[in-house]
1. Give just the number: which of (1) modelled with pLDDT of 95 or more; (2) within 13 Å of another protein chain (Cβ to nearest Cβ) does residue A:71 not satisfy?
2. Filter region B:57-99 down to the residues that are under 14 Å from residue B:34 (Cβ atoms) and of a type in the set (S, T, N, Q), then identify the one that is surrounded by the most Cβ atoms within 10 Å (Cβ to Cβ).
3. Kindly evaluate residue B:16 against the criterion of being surrounded by fewer than 19 Cβ atoms within 10 Å (Cβ to Cβ), within 23 Å of residue B:110 (Cα to Cα) and facing chain A (nearest Cβ under 10 Å).
4. Would you pick out the residues in region A:11-35 that are outside any loop (DSSP other than H, G, I, E, B) and within 11 Å of chain B (Cβ to nearest Cβ)?
5. Scan region B:64-111 residue by residue and report those that are within 19 Å of residue B:53 (Cα to Cα) and of a type in the set (A, V, I, L, M).
6. Which condition breaks for residue B:32 when tested against (1) modelled with pLDDT under 95; (2) closer than 16 Å to residue A:98 by Cα?
7. Is it true that some residue in region A:40-51 is more than 11 Å from the chain's Cα centre (by Cα), farther than 22 Å from residue B:88 by Cα and modelled with pLDDT under 95?
8. Quick one: which of B:86, B:65 is β-branched (Val, Ile, Thr), in contact (Cβ under 8 Å) with a residue 12 or more places away in the chain and farther than 27 Å from residue B:12 by Cβ?
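The values are calculated or read from the model by the stated rules, or taken from the named source; none is laboratory data. What you see is a predicted model; the values in this text were computed from it and never measured. Cβ coordinates were reconstructed from backbone atoms using ideal geometry, including for glycine residues, and neighbour counts include every protein chain displayed.
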Amino acid sequence: NAGVTQTPKFRVLKTGQSMTLLCAQDMNHEYMYWYRQDPGMGLRLIHYSVGEGTTAKGEVPDGYNVSRLKKQNFLLGLESAAPSQTSVYFCASRPTATDTQYFGPGTRLTVL
Amino acid sequence: KNEVEQSPQNLTAQEGEFITINCSYSVGISALHWLQQHPGGGIVSLFMLSSGKKKHGRLIATINIQEKHSSLHITASHPRDSAVYICAVRRRETSGSRLTFGEGTQLTVNP
């Protein structure tokens, strides 16, 4: 099993550009999460999904959109990137039966 | 004030030392997690606690629900234990079983 994978690993964008981050999991997990991690702050939840076709806002959803068309994939979109979105983005998934989340390796995004 | 506070923020130890990292929270919780973030960035779950104590190898996690406090202990520390240790809580009645994270404790163990 590959676990949770994220694509791409690194990306540099210019202000105003758009991009999509892909998270994929092969563990048949129902729940999936997108976080951002910034220096001096804990992981903050952007959006999450409790199952295929469902999404919900987390703590810091502004400027991001998500989709969960297939159970194994959770996409995070930035429609018009801003320098404040420079961060490391982590995806995580978990099964219904346990609280333990399984994290992807992260995507380092820089917005110039 | 953050709902989850960790101390210390940074900790340097010599190999073999006993290490304690603390986590205090200010909300009612149904579970507390300890996670480890490796220098390369990967995050793995170490423990999930709702009461008492858990042990895995040289790592021990305890929680005191009444005092809203948890500790992570590392016995006989080793340089490979160098990482960021993160405390996270699941608040009671949180939709989607979302977690609230502390800022992390950077641990460096010198040989």
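1. Result: residue A:71 passes all but (2).
2. Of everything passing the filter in region B:57-99, B:70 is surrounded by the most Cβ atoms within 10 Å (Cβ to Cβ).
3. Numbers: surrounded by fewer than 19 Cβ atoms within 10 Å (Cβ to Cβ): yes; within 23 Å of residue B:110 (Cα to Cα): yes; facing chain A (nearest Cβ under 10 Å): no.
So residue B:16 fails the test.
4. Answer for region A:11-35, where residues must be outside any loop (DSSP other than H, G, I, E, B) and within 11 Å of chain B (Cβ to nearest Cβ): A:31, A:32, A:33, A:35.
5. Residues satisfying the conditions are B:65, B:72, B:74, B:76, B:86, B:88, B:89.
6. Looking at each condition in turn, residue B:32 falls short on (1).
7. yes
8. Working: B:86 fails: farther than 27 Å from residue B:12 by Cβ.
One residue alone meets the criteria, B:65.
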